[in-house]
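Notes follow the structure.
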Amino acid sequence: MADFETAARPYARAFFELALEQDRLDIWQSSLELAAAIAADANMKALLEQPDVLPRELGELFLSVLAGAGLDRDSDFDNAVRLLAENSRLAALPAIAALYATLKQEAEGKIEVQVRSAQALTAEQQEQIAQNMAKRLGKKVNLIAEIDESLIAGAVITAGDLVIDGSASGRIEKLVHASNAT
């Protein structure tokens, strides 16, 4: 996603504002998620890289795949896909969908918090982290917990741009950098 994030940002913002204006945030999110899944497909990626396919044809082909996948046709969304095709940005759809989801969560006062821990967290620990982060960030928290044994011990909490590294490997790295700086 990092490759397309800069290019995806203005599209995600424009699509979000249009969906907000239409009061169709959920519909646009599900449409973007479906389009992102199709754009991420290996066969579609190969097609998107073909230089001999005209952007207009690629847009119409992409729309037909979306329709075949069960997407209800919406003229604004169809136009958005055509715009992406004309600007050779269909491959950025996964990044656009992710950025759109973030904008939607922000508008709803929600945030996704990822906790990577060396060992599985108990339900009580997860609830405590979610409560603390909700209090700190002033938003409803959707907590996603995963195990990362490379951390040795502790956890790393990520919420948007905020990173709290309480892992043993993070502390060791800080010590190494501090000793190299002297």
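No value in this document is a laboratory result; all are computed from the given coordinates. Bear in mind the structure is a predicted one, so any value in this text is a computation, not a measurement. Glycine also receives a Cβ, built like all others from the backbone with ideal geometry; neighbour counts cover every protein chain displayed.
I'd like the full set of residues that are touching a Ser or Thr at 6+ places or on another chain (Cβ under 9 Å) and among the aliphatic types (A, V, I, L, M), limited to segment 112-135.
Across segment 112-135, the qualifying residues are 113, 115, 118.
If I ask for residues that are β-branched (Val, Ile, Thr), under 27 Å from residue 26 (Cα atoms) and surrounded by 13 or more Cβ atoms within 10 Å (Cβ to Cβ), which ones from segment 106-145 would you list? Quick ask: steps written out before the conclusion?
Within segment 106-145, the first condition is being β-branched (Val, Ile, Thr), and the residues that meet it are 111, 113, 115, 122, 129, 141, 144.
This time we only want the ones that are under 27 Å from residue 26 (Cα atoms), so: 111, 113, 115, 141, 144.
Of everything in segment 106-145, those that are β-branched (Val, Ile, Thr), under 27 Å from residue 26 (Cα atoms) and surrounded by 13 or more Cβ atoms within 10 Å (Cβ to Cβ) turn out to be 111, 113, 115, 141.
Within segment 146-160, track down each residue that is surrounded by fewer than 18 Cβ atoms within 10 Å (Cβ to Cβ), of a type in the set (A, V, I, L, M, F, W, C) and not in a loop (DSSP other than H, G, I, E, B).
Of the residues in segment 146-160, the ones surrounded by fewer than 18 Cβ atoms within 10 Å (Cβ to Cβ) are 146-150, 152-154, 158, 160.
With the extra rule that they be of a type in the set (A, V, I, L, M, F, W, C), the set shrinks to 147, 152-153.
Answer for segment 146-160, where residues must be surrounded by fewer than 18 Cβ atoms within 10 Å (Cβ to Cβ), of a type in the set (A, V, I, L, M, F, W, C) and not in a loop (DSSP other than H, G, I, E, B): just 147.
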